[in-house]
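To start, the structure itself, in structure tokens.
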Amino acid sequence: MVILPNPHTPIPVYRGDRRTVRADRDESWDSGHMHISFLINSGYGIGGTIRTTYNLARSLAERHEVEVVSVFRHRERPFFDPGPGVRLRALVDLRGPDKEHPEHALPARVFPRGDNKWGNYSALTDRRIGEFLSTTRADVVIGTRPGLNAHIARQTRNGPLRVGQEHLTLSTHSPQLKRMLRDTYPRLDAVTTVTEADARDYRRMLRLPGVRIEALPNSVPEPEVGPADGRGKWVVAAGRLAPAKRYDLLIRAFAKVAAERPDWGLRIYGSGREHAKLRALVDELGLYNHVFLMGPAHPIEAEWAKGSVAAVTSSLESFGMTIVEAMRCGLPVVATDCPHGPGEIIRSGTDGLLVPSGDVDGVAGALLGLINDDARRAAMGQAALVAASRFDPAHVGARYESLLTELVTKGGGRLHRMRGVLLGGAYAAKDALSGIGGHALPQGGRA
């Protein structure tokens, strides 16, 4: 792939499993066909935002012109396949001269400091992103993290619909980042969250008049493996080995399970900085024959299908991709009822069980309740399989398509954005008078 920020030049494009060379389209799209462009930190790595972006892009590409614009590129081919019909291109290629480019040594001024990726961005990324947004021919530009949403709000040319996605939660953002969102997001046309709870927080905590705030969940495709048959005596968990996932709680709960049902085991898939601590806890509790840290697995679906129950014991979930993945493989899920996602995915007592956050005995009791009741476990697994179909990319893509079509048809964006510029300036001026530190965005930008 050749990285060319000028959209008027034909560029080599990664399209699914094949490469083609094509020029951006010049013709106008009819009202039922849109050119949709996603702006993502990196389309070449591993992570939930990348997976869900590709799932959505693949679905929308069945009816629309879709591209994923990756700010960074560090490898020849993406780890996940974007899908046929989805174009992937990059703005900064870290495999070549861009890595040593003089501008890349200078700090970013448009990408906000409050975004925890700020250290990866630079004057070079500011310029390349700005060039892309000021010349894009897309009808819709969708950002996938706060820093990129700020670029879209401030630098997109007049015309395209501006949408910012929230893949985490508003409540977890720093005060500095929340001020940036409040000052900048009025220039967006829509903000999407992955849960209704977070959408309520956005409406309540940020004043964004004229900005549509909509909860649209992440999508998970139908697995390429058959559903679990319920015969495997395994509880399965998967995700980053990070403190927020509370695998320590799960391991302690499973110690109680193993005491009653020593014929069952726990497999935890993933990697992360908690690995050594969790390994030590397994040894301390004498669970080395019952609890296994399996490392990362891709694809994960085959591992879910080997189990009979899934467990998620997080203290916080912005959505809960692993819950949906497990349900799509026919597993009932025992999960802590933490903010925000589990309670919006699981119907407790029907397709899974919710227990209070931090409750070791509650998790152990819920797991044993399913382990000791084959008929209930099978019924809940079947219910999970049916319920999780609502997260299929076709359904989520249709909801996105409906929102985008409505907003494009409605029009009136420029007047709304001009009001957004004035509102953002008023907020910034108020902060300055109050002595509150602002963000790293320079004043100005496009309405």
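The values are calculated or read from the model by the stated rules, or taken from the named source; none is laboratory data. Given the structure is predicted, the values throughout are model-derived calculations rather than measurements. All Cβ positions, even for glycine, are placed from backbone atoms using ideal geometry, and neighbour counts span all protein chains on display. Note: accessible area is taken over every heavy atom of the protein model, side chains too, but ligands, DNA and RNA are not part of it. Shrake-Rupley method; radii C 1.70, N 1.55, O 1.52, S 1.80 Å.
Values as computed for the structure displayed
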| item | result |
| --- | --- |
| Selection of chymotrypsin sites (Phe, Trp or Tyr not before Pro), the stretch 265-331, meeting DSSP coil and at most 16 other Cβ within 10 Å | TYR288 |
| Within the chain, longest stretch clear of exposed GluC sites (Glu not before Pro) (DSSP loop, no more than 12 other Cβ within 10 Å) | 225-447 |
| GNM top mover of LEU188, LEU60, LEU124 - the chain, alpha-carbon springs below 10 Å | LEU124 |
| Two-decimal Rg/Rh across the chain, once Rg and the Kirkwood Rh are taken from alpha-carbon atoms | 0.99 |
| Dipole moment magnitude, nearest 20 debye, the chain about Cα centre, only Lys, Arg, Asp, Glu C-beta charged | 1280 |
| Where trypsin sites (Lys or Arg not before Pro) fall in DSSP loop in the stretch 236-326, at most 11 other Cβ within 10 Å | ARG273 |
| Separation between Cα centres of the stretch 327-372 and the stretch 267-293, rounded to whole Å | 21 |
| The chain: angle of helix 48-60 to the longest principal axis, Cα-based, in degrees nearest 10 | 70 |
| Degrees separating the helix 247-260 axis from the principal Cα axis of the chain, which is the longest one | 20 |
| 1.4 Å probe accessible area per residue over the stretch 200-273, in Å² | 50 |
| Degrees, to the nearest 10: 196-205 long Cα axis against longest axis of the chain | 50 |
| Dipole magnitude (debye, nearest 20) for the stretch 261-379, charges at Cβ of Lys, Arg, Asp, Glu | 200 |
| Fraction of accessible area attributable to carbon and sulfur, the stretch 69-135 (%, probe 1.4 Å) | 53 |
| Residue-averaged [θ]222 nm for the chain, counting only DSSP H segments that reach four residues, each worth -39500 (n - 2.57) | -11000 deg cm²/dmol |
| GNM result for the chain, Cα springs below 10 Å: residue of LEU407, LEU88, LEU39 fluctuating most strongly | LEU407 |
| Dipole in debye (nearest 20) - the stretch 216-307, about Cα centre, beta carbon charges: Lys, Arg +1; Asp, Glu -1 | 320 |
| Most mobile of ASP263, ASP139, ASP248 in a GNM of the chain (Cα contacts under 10 Å) | ASP263 |
| Heavy-atom accessible surface of the stretch 255-391: percent carbon and sulfur, 1.4 Å | 53 |
| Greater than 20 Å apart at Cα, pairs in LYS117/LYS277; LYS233/LYS306; LYS99/LYS178; LYS117/LYS178 | LYS117/LYS277; LYS99/LYS178 |
